[in-house]
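A short write-up of the structure that comes next.
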Amino acid sequence: MLRPFAPFSADDSRKELRSLMVVSSDPANYGKMSVYDVQSPLPPGPATVAAEFESDAVIAQIITPLDLRGSRVKYGDLQVVPIGRGLMYIRPLFVLPDSADAKQIFVRKILASYDGRSVIGDSITDVVSQLFPGFNVNLGDRVGGNKTPGAPTTTIPGAPVTTVPAGGSTLTPAQLLQQAERLFIEADAALAKTPPDFATYQSKLAQARALVQQALSAVR
């Protein structure tokens, strides 16, 4: 689990990111909390980035037609992924039928922000390629279920299972991002359960963020 903090202000005007608290989901350090201070100049915090997503002209042109009568746009949680000396924000969005009990997803897209630039794409690989031009891998069709020997697995009842690479994995950046995207989907499925499965949700997010970091570290 990762929790961002902004500086205190009586009128809630301070929106910068001041620190990050990370709670480990690794079995060897489960529940261990670590706090990381962000050095000045402070980067934009989650609230600012979320507002930038909504105000970006290119992103708005894509989202507005999706949020019309008969359908509605639902945003997932905003995730923070440390990349080198910077931070990348990732946020999924879903287009659902305009019904309170609707379960079917019409469209799924990914919003991402890095170094003041916001983009939208159809997958994590898509947005990473836009933010980091050197990452020019095309995943093509998704491939399912290849397991890495010695890798742990976690299961959500009724949801697909994603295998997380063990340490020293030789997976390509494309394969790492593909597995990260599956983990984000499984995290959303855990949160949508009644009651929400917060333990699985937090575990899946932590695993997905780690895979994104591995993929980007391999191409930088």
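Across segment 193-201, a minimum of one residue is classified as out of contact with any Gly (no Cβ under 8 Å at 6 or more places or on another chain), surrounded by 17 or more Cβ atoms within 10 Å (Cβ to Cβ), closer than 18 Å to residue 75 by Cβ and of a type outside the set (Asp, Glu). The residue list 65, 7 contains one member that is farther than 23 Å from residue 128 by Cα, part of a helix (DSSP H, G or I) and either among the small types (Gly, Ala, Ser) or modelled with pLDDT of 85 or more (or both), which is 65. The conditions of being modelled with pLDDT under 85 and within 16 Å of residue 205 (Cβ to Cβ) are met by residue 24.
Would you confirm, using the coordinates I've provided, whether residue 67 is free of Cβ contacts under 8 Å to residues at least 60 places away in the same chain and of a type in the set (Asp, Glu)? Considered against the rule, which asks whether it is free of Cβ contacts under 8 Å to residues at least 60 places away in the same chain and of a type in the set (Asp, Glu), residue 67 comes out as yes. A count restricted to segment 10-20 and to residues that are at pLDDT 85 or above and surrounded by 13 or more Cβ atoms within 10 Å (Cβ to Cβ) stands at 6.
The values are calculated or read from the model by the stated rules, or taken from the named source; none is laboratory data. This structure is a prediction, so every number in the text was calculated from the model and none was measured. Glycine also receives a Cβ, built like all others from the backbone with ideal geometry; neighbour counts cover every protein chain displayed.
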